[in-house]
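Everything on this sheet refers to the single structure shown next.
The values are calculated or read from the model by the stated rules, or taken from the named source; none is laboratory data. If you're wondering where the values come from, they're calculated on a predicted model, not measured in any experiment. For neighbour counting, all protein chains shown are included, and Cβ atoms are generated from backbone atoms with ideal geometry for every residue, glycine included.
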There are 2 protein chains.
Amino acid sequence: MEKDILEPATTNKAVVLTADVLLKQWQGHRGLTRRTIEAFPEDKLFNYSIGGMRPFAQLAIEMLTMGAPGIRGIVTRKWPSYEQVDSEFKNIKTKAQLLEAWDKATEEINELWPQIPAGRFQEIEKVFGQWEGPVYWSLFYFIDNEIHHRGQGYVYLRSLGIEPPPFWDRN
Amino acid sequence: MEKDILEPATTNKAVVLTADVLLKQWQGHRGLTRRTIEAFPEDKLFNYSIGGMRPFAQLAIEMLTMGAPGIRGIVTRKWPSYEQVDSEFKNIKTKAQLLEAWDKATEEINELWPQIPAGRFQEIEKVFGQWEGPVYWSLFYFIDNEIHHRGQGYVYLRSLGIEPPPFWDRN
């Protein structure tokens, strides 16, 4: 089965996504993640978790480290270390600060996105000086990582008796 | 902010993904979900959950309803109701049956995928007779829904003291 996955027997070169569409998809997800942050009571956002995992604020900060800094690196081709980026967000201690950083990232991503040149998405890049692969692959890593951890936030919320925002709503 | 998300001020028409690449991405995710199913003890797969949510087997069956049946509909333009599709999987009662259905879907998706015509990804389609949008949007719904629920399975596993498979491994 693994061989099938890595080397599909047949090819389909149809275009699925352009950069514009991916930005809209991602910002739709980011809007939903913002509403997930908002759904947490302040203390639970920073202190609550299950099974020894990280609290949702820490997961959201991880998303922030990959978001705007990731696009900055893709556009400028300059990469700080992941640890340096992490320190950008180390002072976030309240829900309001987290949401403010989230909104700032939303704007920065929107501003930088149009500057990603055609062909760049297929270039091989070592993002944050560490993870090497095509640019589209890193972008999907950022987005999929957000979806993955947001889903975990939904379990935290449910276990607290709080209804999470609807998954299908991406406005 | 919402306006920015829905109508980006600038445009970027660069191609991010072709169908081939998306298939590889998705099957990479599906391989990881398969390993997540395998990580559950048999009884916990079908009976364990947190906060009134569904057990992981039910979440995985939901993924199956969107997987091969979704691609079948995209290729043939014929859509059974979601309820009809759901009944395809109603006899899954063991981990072995779930994994067998998973592997069957993997093969069916690989076989059908090359038959999706160019341009089809941008067509507007009412999938399962209910959810209307561009085909790429429905496909990402299927994939993102899988990532979302698999992330929830990770919390179930952690709360059971079981280490989930590494998120970054997509082979």
Unmet criterion (only one of (1) buried (at least 19 other Cβ atoms within 10 Å of the Cβ); (2) at pLDDT 95 or above) for B:TYR48: (1)
Count - residues of the stretch B:115-171 that are outside any helix (DSSP H, G or I) and surrounded by fewer than 21 Cβ atoms within 10 Å (Cβ to Cβ): 27
Test: residue in the stretch B:88-111 that is of a type in the set (Val, Ile, Thr), within 30 Å of A:ALA118 (Cβ to Cβ) and in contact with a strand residue (DSSP E or B) (Cβ under 7 Å, 6 or more places away or on another chain): no
The stretch B:113-136 residues that are in contact (Cβ under 8 Å) with a residue 12 or more places away in the chain, paired with ones that are in a loop (DSSP other than H, G, I, E, B) and of a type in the set (Phe, Trp, Tyr) (beta carbon under 6 Å, 6 or more apart): B:PHE128/B:TRP79; B:GLY129/B:TRP79
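Is it the case that B:GLU111 is among the charged types (D, E, K, R) and either under 15 Å from the mean Cα position of the chain (by Cα) or loosely packed, with under 12 Cβ neighbours inside 10 Å (or both)?
no
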Lone unmet requirement of (1) at pLDDT 95 or above; (2) within 28 Å of A:PRO134 (Cα to Cα) for A:THR10: (1)
Qualifying positions in the stretch A:105-121 - under 16 Å from B:GLN25 (Cα atoms) and more than 8 Å from chain B (Cβ to nearest Cβ): none
Residues being over 13 Å from the mean Cα position of the chain (by Cα) and surrounded by 17 or more Cβ atoms within 10 Å (Cβ to Cβ) - total across the stretch A:25-44: 5
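Just give me the residues in the stretch B:75-87 being assigned to a helix (DSSP H, G or I) and not acidic (Asp, Glu), in sequence order.
Selection gives B:VAL75, B:THR76, B:TYR82, B:GLN84, B:VAL85, B:SER87.
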Breaking point among (1) more than 26 Å from B:GLU132 (Cβ to Cβ); (2) touching an Asp or Glu at 6+ places or on another chain (Cβ under 7 Å); (3) at the interface with chain A (Cβ under 10 Å from one of its Cβ atoms), for B:GLY52: (2)
Out of A:LEU17, A:LEU32, sole residue that is under 18 Å from B:ASP144 (Cβ atoms) and at pLDDT below 95: A:LEU17
Residue in the stretch B:70-104 that is nearest to the other protein chains (Cβ to nearest Cβ), counting only those that are of a type outside the set (A, V, I, L, M) and under 20 Å from B:ASP144 (Cα atoms): B:ASP103
Selection count, the stretch A:21-46, where residues are charged (D, E, K, R) and more than 17 Å from A:GLU107 (Cβ to Cβ): 5
Sole residue being buried (at least 16 other Cβ atoms within 10 Å of the Cβ), on the phi < 0 side of the Ramachandran plot and touching a helix residue (DSSP H, G or I) at 6+ places or on another chain (Cβ under 8 Å), chosen from A:LEU22, A:LEU99: A:LEU22
The stretch B:151-162, residues that are over 11 Å from A:ARG150 (Cα atoms) and at the interface with another protein chain (Cβ under 7 Å from one of its Cβ atoms): B:TYR154, B:VAL155, B:ARG158, B:SER159
In the stretch A:75-92, the residues that are out of contact with any Gly (no Cβ under 9 Å at 6 or more places or on another chain) and more than 14 Å from A:LEU64 (Cα to Cα): A:VAL75, A:THR76, A:ARG77, A:LYS78
A:GLU100 being modelled with pLDDT of 95 or more and outside any helix (DSSP H, G or I): no
All positions within the stretch B:88-97 that are outside any helix (DSSP H, G or I) and in contact (Cβ under 8 Å) with a residue 40 or more places away in the chain: B:LYS93, B:THR94
